[in-house]
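The structure appears below as structure tokens.
Throughout, read-outs are computed from the coordinates displayed, never taken from laboratory work. This one's a predicted model, so the numbers in the text were calculated from it and none came from an experiment. Counting neighbours? That spans all protein chains shown, and the Cβs are built from the backbone with ideal geometry, glycine included.
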Amino acid sequence: MKKRVFSGIQPTGDTHIGNYLGATKHWAARQDEYDNIFCIVDLHAITTPQEPEVLKAKIREVTGLLLAVGIDTERSIVFIQSHVPAHSELAWILNCFTPMGWMQRMTQYKEKSKNQESVSTGLFDYPALMAADILLYDTDVVPVGEDQKQHVELTRDIAQRFNAIYGDTFVLPSPVIPDIGARIMGLDDPEKKMSKSEPGSNHAINLLDPPDVITNKIKRAATDSLRDIVYDENRPGVYNLLVIYELFTGKSRQEIVDHFAGKGYADLKKELAEVVIEGLSPIQKKYADLTADPGYLDSLMAKGAEQAIPLAEKVLTRVKDTIGLG
Ligand code: AQP
């Protein structure tokens, strides 16, 4: 039997090449290896304030982009989180088994709540909902970028704690992080993870950016005052550009370093822009085709929820029976 994969993506902001290179590209590439479930996690999106019309549009956009990068609804279940009520129900139950101290340790919460006058309880509690997302499907493997590794480990801890009290109820999931590209950094500040919520027009390359925008963003990317083009993690700007180049071309590090020997940052940026534009072009074309008929994505998502609901209900019933509910 194939192992079960579950992963999700938030419909907030603009989906960027970090989301693609660190996560969705791998989900698409390994679909035949696993039994896959992918989710557009709209309930996570509302942990920070959202405009209703914008959120609706973003749910559609992220759905279209997931399919455009190659997720195939014939080989994977794809659905919208709020269409499957069991996610919220299990999240509540898991809340009751998760010590506050575990949540307080979550780096993402600390970062996202920094300098905010008021943050929602939902933002603090986000990892319990994420644990519910994963545990509801008896998930073995959770492919994510590095920023989400801590949340998957917390999910495992919650499941272990529950199993220790009640006996084996949950399957213990493991995070899978790509060797290269697990943390694509911002173009404007290579010390910071490329992120949808980071302000700044030159921070991220978005999957739907037109060619001239991509070229300009890369042209303005932060580098350093040195000259040679080599992989050196102590020079995070150039390192990040080389990693992006590597992932879009599939070339080895040696080939890349040889190729750029004697060349300057302007050459690196020019060639990088070319390969990113070339790499995103088929995704953008497929996205345009998929979204041309507005009803098409809706019908696929309705089918996805229909497939997910019985799987989720089965596990939820098991949990409720175990703890004495119902
Ligand atoms: N910079 C990144 N490099 C590699 N992988 C990344 N991921 C996110 N940023 C990078 C991975 O993309 C998947 C989907 O992420 P998400 O949309 O659920 O939200 P996130 O992890 O919080 O990512 P963002 O883009 O930074 O969004 P905001 O700003 O809303 O928090 C995940 O597997 C993630 O690891």
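Details
- For the chain, the equivalent ellipsoid derived from the alpha-carbon gyration tensor has semi-axes of 36, 22, 19 Å in decreasing order.
- Residue 22 sits among other residues whose Cβ lies under 12 Å from its own Cβ, and their net charge, with Lys and Arg +1 and Asp and Glu -1, is +1.
- The order of 130, 1, 106, going from fewest to most other C-beta atoms within 10 Å of their C-beta, is 1, 106, 130.
- Between residue 115 and residue 164, the contour length at 0.36 nm per residue exceeds the alpha carbon distance by 13.8 nm.
- Sequence-ordered 3J(HN,Hα) estimates for region 239-253 from the Karplus curve with 6.51, -1.76 and 1.60 and θ = phi - 60° stand at 4, 4, 5, 5, 5, 5, 4, 4, 6, 7, 9, x, 7, 7, 4 Hz, glycine and proline given as x.
- Local net charge near residue 250, Cβ-Cβ under 13 Å (Lys/Arg +1, Asp/Glu -1): 0
- Non-local lysine pairs in region 207-326, meaning eight or more places apart or on different chains, with alpha-carbon distances under 27 Å, amount to 25.
- Whichever lysines have a C-alpha closer than 21 Å to that of residue 149, once near sequence neighbours (fewer than 8 apart) are set aside: 3, 25, 110, 112, 114, 192, 193, 196
- Cα gyration tensor shape of region 1-52, rounded if a/c is under 1.5, else prolate or oblate by comparing a/b with b/c: oblate
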